[in-house]
Amino acid sequence: MSARTLPLLFLNLGGEMLYILDQRLRAQSIPGEKARKDEWTDVDRKRVMNDIITTMFNKKFMEELFKPQELYSKKALRTVYDRLAHASIMRLNQASMDKLYDLMTMAFKYQVLLCPRPKDILLVTFNHLDAIKDFVRDSPGILNQVDETFRQLIETYSCLSAGEFQLIRQTLLIFFQDMHIRVSIFLKDKVQNSNGHFVLPISGPVPWGTEVPGLIRMFNRNGDEVKRTEFTTDGNYVTPQREGSFDLFGDRVLKLGTNMYSVSRPVETHISGSSKNLASHAKENITPNPLAKEELNFLARLLGGLEVKKPGGSETGFRLNLFTTDEEEEHAALTRPEELSYKVINIEATQEPGRRAELSRILGELEVAEPRPASSGKGEDLLALMDGL
Amino acid sequence: MYRKEKSIQLKSSSAALYNNLSVLRPPGRQLLCFSAVHGPSVTVVSAAADGLGFSHRQLQAKEGGMALSTCVLTQASWCVLPSRVLLVLTSQKGIQMYESDGSIMVYWHALDVTEHPPAQAVFARGIAAAGGRFICVGTSSGLVLVFDIPPKGTNITVSEVLEQHRDAITDIAAELGRAPDGAGDLVTADDAGTLCVWSAGEEFTLLSKIPAFGCTCSSVKLWNGVVAAGYGNGQIRLYEAATGLLRAEVNAHARWIYALDLAPQAGKLLSGAEDSFVHVWKLSTNPDTNDVEIEHCHAECVTDTQVCGARFCDPEGNSFAVTGYDLSEIFRYAR
């Protein structure tokens, strides 16, 4: 609905992705001297993070992103992150990529849901950007790119009304509807129930600009208060102390959007396939959408500006595993319920002559990467399509 | 007090949209009908009074042209007119009107996209029957379309376009009780929080305009000349419709209010918000003393739920139904 949702969705999901990758890279890293040629070091980790952040904040990409437009479908967006995660020497198997995307989306869904005011989604975004700036604090060039985007966010969103922010929030909530993947860190912290739904607290500070519930005031026709009563509920609310900062630098106050992962808290997801809610989630977009070609053109144009790094070492050496062991990763791939698979769009790029010409031109501009081993999906994979040209 | 009853299971979850529940009691039939918007579709459930039989139907948003992303419905509401009942759906593309059981679409009105500046969202939202003859629907540009509805058939026309609001319409409500003189038949609310009170007819007349105070008004009701408005900062305010005077201010909810409803026989007001709470209030108006009073009757916490729809199921307010974001059920409560 709101045409201003995509930048917020992209940046926040991207931020969560970086938190997770950083945590996994640290967990799997070996001190520099002791590392074999095919093991992760600290230097590798920083390089991967820098590469991904540079790609994410690519100027042309950001320009396109900030143009008013409807949200991408879940599948189209997933493809963008697939691409982004591979913008460096790092490789992820399908199972790890699926898990990464599950974690990213559930984390941001949680943040959107728990934002006290719709406008606070901007503070969540700023929390992610603050952390990203910290990841690249030693690289002034990339830091500059991120600051540019920060400024663009402030310019685009500072003047929106509360009603417009609520529309953005509603648009995001529709995007996240029916996703109930259980995340173990959320279950442990008791912010998610075992049925996958989030816990909504009825205590704590009220949003900035809201009064603590309880007071009723009645006025006569002259505007004088003539009666005052109070009511109580089970809720236990307090007045907030201060408002978060919407400037380039400042205390955001809100904790949503800050990094909740650390090396000692590995992240697992549980996929529950038995909930019937999933049926409605899975039914959408299974039939090939001929108009997805429009999305492909657009997507291809965006990604056309990205350099795809060629993997230097062997395929397994630079692979990142989101699970604790390779066996776990394999097991996850085999047991992922059908209805939760992120089916990539099956595009028939050769249907209309006009489109075909445009598409080829755009795809021709892409740097051709070394052919990637066939992904586990059957049929034409969007990435394979682009690589094959 | 109210106790929780058995929920009605839905085939799809409810979307986080304002006023996302509509209830119909077809006259002369032991039935209750509910509708809740899922996103690109709306679920319509008919429940037999004995609670044993249910029938479900899903209606889709009409795409109306080539679309890159799915078209989303913003609201569904039954409009009760003296001669017929229509089910009205509003979406990003336009307005669909069906026979009350959703079986046949009788009218489609496409929104004029060119009327909106390019970066702005386009959608219709806010539905109410007015003046015994019209159905009013709001748009994201602040217009209110007035449709003239014949007693039967499909010859529905746009009789007027009301241009008082400058922000997206959020909700529209018709007088549910008896309006004192000059108090108006209809109230329209918008994203900025401005309220307009109208008298309905061949030509609608603006009677009063209640200025915004900096908060979105997401839901509004009109009863015995009193406007009850729910706001984004969790407040409910009561105004005199004819004069626009503020008569009561309630710090009702800790988060954005999503739905208000009113039971006209008893003057009961229902409010539902993102804070998981649903409250029942009692309004009383005294036309002789000009007193307007509101008292709190009941609080219900729908655990871990962001309420998006709340409606009374009977005109005395002895029972009500609630929907929540991402949940595939309709919660029911009764005395």
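Using a ≥ b ≥ c from the Cα gyration tensor of region A:57-155 (square roots of the eigenvalues), is it rounded, prolate or oblate, where a/c under 1.5 gives rounded and otherwise the larger of a/b and b/c decides, a/b for prolate?
rounded
Is region B:288-335 rounded, prolate or oblate when judged by the Cα gyration tensor, a ≥ b ≥ c being the square roots of its eigenvalues, rounded requiring a/c under 1.5 and prolate requiring a/b larger than b/c?
On the way: a/c = 2.72, a/b = 2.07, b/c = 1.31.
Prolate shape, in that a/c is at least 1.5 and a/b is the bigger ratio.
Express in whole angstrom the spacing between the alpha-carbon centres of region A:43-119 and region A:149-213.
Between the Cα centres of region A:43-119 and region A:149-213 lies a distance of 18 Å.
Quick one: which residues, 5+ away or cross-chain, put their amide H under 5 Å from the amide H of A:LYS227? H built at 1.01 Å from N.
Hits under the 5 Å cutoff: A:MET218.
Rounded to the nearest Å, what's the spacing between the alpha carbon centres of region B:209-231 and region B:1-37? Just the number, please.
Measuring centre to centre over Cα atoms gives 24 Å.
Points 7 angstrom from Cα along the Cβ direction at A:LYS255 and B:ASP288: gap in nanometres?
So the label points at A:LYS255 and B:ASP288 sit 5.8 nm apart.
Quick check for you: with a 1.4 Å probe and neighbouring chains kept, what is the accessible area per residue of region A:27-186, in Å²?
Working: 5170 Å² over 160 residues.
The answer is 32 Å² per residue.
Hey, can you grab everything whose amide H is under 5 Å from the amide H of B:ALA273? Only 5+ residues off in sequence or another chain; H modelled, so Pro and N-termini drop out.
It is B:TYR258, B:VAL307, by chain and number.
Got a number for carbon plus sulfur as a percent of chain B's accessible area, 1.4 Å probe?
Answer for chain B is 48 percent, counting heavy atoms of protein chains only.
Out of every Cα pair in region B:202-335, what percent are spaced more than 21 Å from each other?
Of all Cα-Cα pairs in region B:202-335, 40 percent lie more than 21 Å apart.
Could you work out the mean count of beta carbons from other protein chains within 10 Å of each residue's beta carbon in B:293-306?
Details: counts 5, 5, 5, 8, 1, 2, 6, 2, 5, 1, 5, 9, 2, 5.
If you average over the peptide's residues, the count of other-chain Cβ atoms is 4.
If the viscosity is 0.890 mPa s and the temperature 25 °C, what translational diffusion coefficient in µm²/s does Stokes-Einstein give for region B:1-132 when Rh comes from Kirkwood over Cα pairs?
155 µm²/s
Kindly report the accessible area of region B:1-158 per residue (heavy atoms of protein chains, probe 1.4 Å, no ligands, DNA or RNA), in Å².
41 Å²
Buried accessible area for the A:B pair, summed, 1.4 Å probe, in Å² rounded to 100?
Numbers: alone 19890 and 14010 Å², together 29230 Å².
Using a 1.4 Å probe on protein heavy atoms, the buried area is about 4700 Å².
How much accessible area per residue does region A:187-228 have, counting only protein heavy atoms and a probe of 1.4 Å, in square angstrom?
Each residue of region A:187-228 exposes 57 Å² on average to a 1.4 Å probe.
Classify chain B: rounded, prolate or oblate, from the alpha-carbon gyration tensor (a ≥ b ≥ c, eigenvalue square roots; a/c under 1.5 rounded; otherwise prolate if a/b is larger than b/c)?
Numbers: a/c = 1.33, a/b = 1.05, b/c = 1.27.
It comes out rounded by the Cα gyration axes.
What list of whole percents do you get for P(r) of region A:207-252, with Cα-Cα distances grouped in 10 Å bins up to the one holding the largest distance?
For region A:207-252, the pair-distance distribution reads 21, 30, 27, 17, 5.
Counting only protein heavy atoms, probe 1.4 Å: which residues of region A:221-256 lose 20 Å² or more of accessible surface in the full assembly compared with their chain by itself?
Output list: A:ARG221, A:LYS227, A:PHE231, A:THR233, A:TYR237.
In region A:176-197, what residues drop by 50 Å² or more of accessible area when the other protein chains are put back, versus the chain on its own? Use 1.4 Å, and skip ligands and nucleic acids.
Correct list: A:GLN177.
Would you jot down the residues in region B:214-235 that end up with at least 30 Å² less accessible area in the complete protein assembly than in the chain alone, with a 1.4 Å probe?
Residues meeting the cut-off: B:ASN233.
A:ASN220 to A:VAL43: FRET efficiency via 1/(1 + (r/R0)^6), r the Cβ-Cβ distance, R0 51 Å, to the nearest 0.05?
0.10
Using the structure shown, list the pairs from A:LYS109/B:LYS221; A:LYS119/B:LYS11; A:LYS190/A:LYS255; A:LYS67/A:LYS119; A:LYS119/B:LYS4; A:LYS60/A:LYS133 with a Cα-Cα distance above 26 Å, or answer none.
A:LYS109/B:LYS221; A:LYS119/B:LYS11; A:LYS119/B:LYS4
Choose one answer from B:ALA121, B:ALA130, B:ALA110: the residue with the largest mean-square fluctuation in a GNM of chain B with alpha-carbon springs under 10 Å.
Top of the fluctuation ranking is B:ALA121.
The values are calculated or read from the model by the stated rules, or taken from the named source; none is laboratory data. All values reported here derive from a predicted model rather than from experimental measurement. Cβ atoms come from the backbone with ideal geometry, glycine included; neighbour counts cover every protein chain shown. Each accessible area value is taken on the protein alone, full model and side chains, heavy atoms only, with ligands, DNA and RNA left out. Shrake-Rupley method; radii C 1.70, N 1.55, O 1.52, S 1.80 Å.
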